[in-house]
Amino acid sequence: MTAPLRDRDRDRDRAGGQDPSAALAEPVERVGRGWTASLSLANGAIWVGWYGPLQILLASQAKDFAPGSGMSKETMLAWVTGAGALVSLLANPFFGALSDRTTARRGRRTPWIVAGAAGGALLLLLLAGAGGMGTMVVGWCLVQLTLNAAFAAVTAAVPDRVPRLQRGSVGGWLGAAQILGVVGGTGLATVTAGIGAGYAACAVFTVVGVLPYVLRHEDLRLGATDRPAWSWRGFLAGFWLSPRRYPDLGWAWLTRFLINLSNALVLLYLLYYLRDRLHYDDPDQGVLILTAVNAVTLLATVVVGGVWSDRVGRRKPFVIWSGVLMAVATAALAGWQTWPGAIVAAAVLGIGFGVFTSVDFALMTDVLPKALDRGKDLGVINVANALPQVAAPALAAPIVTYLGGYRVLYLVAAVIGLAGAVLVRRIRGVD
């Protein structure tokens, strides 16, 4: 027996009989409902840990700490969320790349899901005790670091296990879990008594939500012989995916970035928009209502859009028209600045974002270059989710403060989203 074969047999024995090369194979066997449900719950739990703070808790802390600090609550919130998004920008591809190289007995992805969720929950509890802007920034950056480790691994599990013509429907369920996580995090932060209790509720749910997946489903294990040799130069160089070499991946990244930037501009100051522009009596409750309306319409389309895309074998038309619909709804926030207008815009945004979430995710997995780098490449793609969180505060704060207020902000957001929808047509390798 040759040395490589002996090494592969040894890897198989250590993996409990599982062929270690299966981690790099293109999946052909459809995943079951239990696997999809457990991974979706884990995904939703991570989004609870993110959006309870983003929608309510961080804004409430900024409102408390801003007086006497020399800056407005909007500016303080922009600094905190922008710093956290910058960490997310780097952490997601970094931990995705580490999970690609992980040869643990529990698999490539599961160890990072466990460590990321547990670490994020602990840091949410510490963030509850922040005493000012400095500790808010540090705490939120560490939360972003750990939860992105879990999120990178959850995302990479899909191209590891799901065949191409099932990824739209699985992406739909993950998208449904994402919006339920947003609603759940917002709800937990709103209904609990105080900021500390809100953080604690989000932390507990983040840990509990990942348990069914990590305890019930075996992860694919990477053999030591399949792991590339380590070098810092090669590791760091791998994060650059040349748009010239991979043009479809480049255009797909850009379209996701623009549409997510448009969405981030809508969400960032929603609490302040209701309080300062619409003069809504209970803005915290208003955010929860709008989030719930958005969730209902999103849930009505997210799975249906993904399944429909799988059946017809096409992605681009779904992404284009969902982006156009979202741009129209965003423009409505600029032209119809009333509480009923906000409800209608939230509903229409949900319809568009539901289809976009599931089908765009499937499109992204379809343009991945190599199986060995799925986690890292998806992490680079997920930068298009995180970078808007950095760009949105920098763009929104001066617009709201100096350049025309919320009307101009939402018109700018609509134009950005429309540009993202149109540029999907430049992707050539996917129908």
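What follows draws every value from the coordinates through simple rules; no lab data is involved. From a predicted model like this one, the values you see are computed outputs, not experimental measurements. Cβ coordinates were reconstructed from backbone atoms using ideal geometry, including for glycine residues, and neighbour counts include every protein chain displayed.
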| Along the stretch 415-424, what does the Karplus equation 6.51 cos²θ - 1.76 cosθ + 1.60 (θ = phi - 60°) give for ³J(HN,Hα), rounded to whole Hz, x for Gly and Pro? | 5, 4, x, 5, 4, x, 5, 5, 6, 4
| remark: Counting all Cα-Cα pairs in the stretch 340-431, those more than 16 Å apart amount in percent to 69 percent
| field | Alpha carbon centroid spacing (whole Å) that separates the stretch 209-275 from the stretch 363-421 | value | 13 Å
| said: Quick check on the chain: helices-only [θ] at 222 nm, where DSSP H runs of length 4 and up contribute -39,500 (n - 2.57) each and the sum goes over total residues. Nearest 500, please. | reply: -25500 deg cm²/dmol
| Leaving out same-chain residues fewer than 8 places away, which lysines sit with a Cα under 25 Å from that of residue 73? | 63
| field | For the stretch 223-293: rounded, prolate or oblate by the Cα gyration tensor [a/c cutoff 1.5] | value | prolate
| said: With θ taken as phi - 60° and the coefficients 6.51, -1.76 and 1.60, list the Karplus ³J(HN,Hα) couplings across the stretch 108-125 in order, rounded to whole Hz; mark glycine and proline as x. | reply: 7, 9, 4, x, 6, 5, 5, 5, x, 5, 5, x, x, 5, 4, 6, 4, 5
| For the chain, the longest stretch holding no trypsin sites (Lys or Arg not before Pro) located in a DSSP loop with at most 16 other Cβ atoms within 10 Å is which? | 107-243
| task | Could you tell me the distance between the Cα centroids of the stretch 40-85 and the stretch 319-353, to the nearest Å? | result | 24 Å
| remark: the chain, convex hull of Cα, quarter of hull surface, nm² -> 20.3 nm²
| Long-range Cα-Cα pairs in the stretch 193-315 (distance over 20 Å), rounded percent | 76 percent
| remark: Applied in sequence order to the stretch 60-74, the curve 6.51 cos²θ - 1.76 cosθ + 1.60 (Karplus, θ = phi - 60°) yields integer Hz couplings, x standing for Gly and Pro, of 5, 5, 4, 5, 6, 8, 5, x, x, 8, x, 9, 6, 4, 4
| said: Distances longer than 13 Å among the Cα atoms of the stretch 183-245: what percent of all pairs is that? | reply: 77 percent
| query | Using only Cα atoms, what Kirkwood radius does the stretch 302-372 have, in angstroms? | reply | 13.1 Å
